[in-house]
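Below you'll find the structure, written out as structure tokens, and then a few comments.
The values are calculated or read from the model by the stated rules, or taken from the named source; none is laboratory data. These numbers were taken from a predicted model, which means no experiment stands behind them. So basically every Cβ, Gly included, is an ideal-geometry build from the backbone, and we count neighbours across all protein chains shown.
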Amino acid sequence: MLSAVLVRDARYTIEREFGLLSSHWDSCIEQVKAIQITGPRRAEIIEVEMPKLGVGDVRVKLQKTCLCGSDIPFFAYDQQALADEGKRNFSGHIDYAHESVYPLAPGLSLHECVGVVAESRSERFKEGDFVLALPFDQYGFFEYLTLPESRIFKLPQGSVSKEEILLSQPLGTLLYGFRMMPKLEGQTVAVVGQGPIGLLFNALLKRGGASTVIGIDRFRNRLEVGATLGSDKSICLEEGSSVDAMSNLTNGAMADIVIEAVGHGELALESSVDLVRQEGTVLAFGVVDTEYVDRFPLGKAFYKNLTIKHTVGAKDEGDFLAAADMIANREVDLKPLITHTLPFEEAQRAYELFVDREDNAIKVIIDFE
């Protein structure tokens, strides 16, 4: 059972950082299971009080969820050590007011979620609707999510598996990001990182008219999956310089567009500047969790006259529903991304598989059913 102190601290943290109504926490109706990260690489099942429904709110019973690269730091990094070093890159998610940052607030970190409406005080949704639920700032690792109707999106049902339609969340963020890019027709596009996001980019780029898609990663198995999803050529970082390989593949021209789909502390944005041609475009998609200003080659980007665009998050209904329709209509086949499924009770193991890329893991599904 979660202590009253932790419930209080979680409530204050979430209200302060994200402006949630206190009435949602003060009037609670029952206990539900949740995941709480209680230390580095340690995720535990706890119980918390479930918020009461407010006007316009929807309660969703989760069925299928999956981990995203942006969930990794909360589990894998020693947040206490980072805080002690003065590195507070997650100040919007982690409470630094106390000497110890652990345990983190309940529900961190999960945000790719589908399920059925269990209760509704919204005229737009009724009990039994199959929906995508978008938690506030990755506070989604609960059995039930209670959210305003603006964070709920009704999904097509039956034509593909729930696991596949779940990918409409990350795919929707890509559709949002695509609007930041120049025209793709006839362009050579390199995708740095062939994890789930990079692989999703592969699936869309050829549909968008790119003439050549080049996948770049250090894992050969991911490059092989990338080829099934749309890449024409690949560069394995374990086999030598990516810059030399790109030059060889393009006869020295380099890529017209480079998509950085790695993020985190690996700072692949640096190599992206080297991989793109003069006056090319770099799309920075990977979520950065460390400061990289001192290491970013601004002078090189300046003298190459590059266009660098950033894109993070999609919140518009149109992007998610368009992605869901693409999957439901089988315009893209994303089954190769789904490699593992574990029950909610094995959340710790799911994190380990995903973070450590064990057993060639790509997308790790957490099954609440």
Residue selected from segment 108-119 under the condition in contact (Cβ under 8 Å) with a residue 60 or more places away in the chain and in contact with a helix residue (DSSP H, G or I) (Cβ under 8 Å, 6 or more places away or on another chain), by the criterion surrounded by the fewest Cβ atoms within 10 Å (Cβ to Cβ): 110
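Here is a list: 313, 318. Which entry is at pLDDT below 95 and on the phi > 0 side of the Ramachandran plot?
313
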For residues that are surrounded by 21 or more Cβ atoms within 10 Å (Cβ to Cβ) and not β-branched (Val, Ile, Thr), scanning just segment 238-267, find the one that is nearest to residue 287 (Cα to Cα). 263
Can you work out which of the residues in segment 189-221 that are of a type in the set (Gly, Ala, Ser) and closer than 19 Å to residue 362 by Cβ is surrounded by the most Cβ atoms within 10 Å (Cβ to Cβ)? 215
Within segment 300-314, can one find any residue that is surrounded by 19 or more Cβ atoms within 10 Å (Cβ to Cβ) and farther than 26 Å from residue 255 by Cα? yes
Checking the structure you have, find out if any residue of segment 332-344 is of a type in the set (Phe, Trp, Tyr), surrounded by 13 or more Cβ atoms within 10 Å (Cβ to Cβ), more than 28 Å from residue 224 (Cα to Cα) and touching an Asp or Glu at 6+ places or on another chain (Cβ under 8 Å). yes
Residues 141, 74: which one is in contact with a strand residue (DSSP E or B) (Cβ under 6 Å, 6 or more places away or on another chain), at pLDDT 95 or above and either buried (at least 19 other Cβ atoms within 10 Å of the Cβ) or among the small types (Gly, Ala, Ser) (or both)? 141
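For segment 293-304, indicate whether the set of residues that are in the same structural domain as residue 197 (by TED's automatic domain parsing) and in contact with a strand residue (DSSP E or B) (Cβ under 7 Å, 6 or more places away or on another chain) is non-empty. It would help to see each step written out before you state the result.
Step one: list which residues in segment 293-304 are in the same structural domain as residue 197 (by TED's automatic domain parsing), which gives 293-304.
Still in the running and in contact with a strand residue (DSSP E or B) (Cβ under 7 Å, 6 or more places away or on another chain): 301, 304.
Yes, segment 293-304 contains at least one residue that is in the same structural domain as residue 197 (by TED's automatic domain parsing) and in contact with a strand residue (DSSP E or B) (Cβ under 7 Å, 6 or more places away or on another chain).
Can you name the residue in segment 144-188 that is under 23 Å from residue 124 (Cβ atoms) and of a type in the set (Gly, Ala, Ser) and is also surrounded by the fewest Cβ atoms within 10 Å (Cβ to Cβ) among such residues? Break it down into steps so the answer makes sense when it comes.
Kept after step one, since they are under 23 Å from residue 124 (Cβ atoms), are these residues of segment 144-188: 144-159, 162, 165-166, 168-169, 171-173, 175-176.
Still in the list and also of a type in the set (Gly, Ala, Ser): 150, 158-159, 168, 172.
Numbers: 150: 13, 158: 9, 159: 11, 168: 28, 172: 26.
Checked segment 144-188; the qualifying residue surrounded by the fewest Cβ atoms within 10 Å (Cβ to Cβ) is 158.
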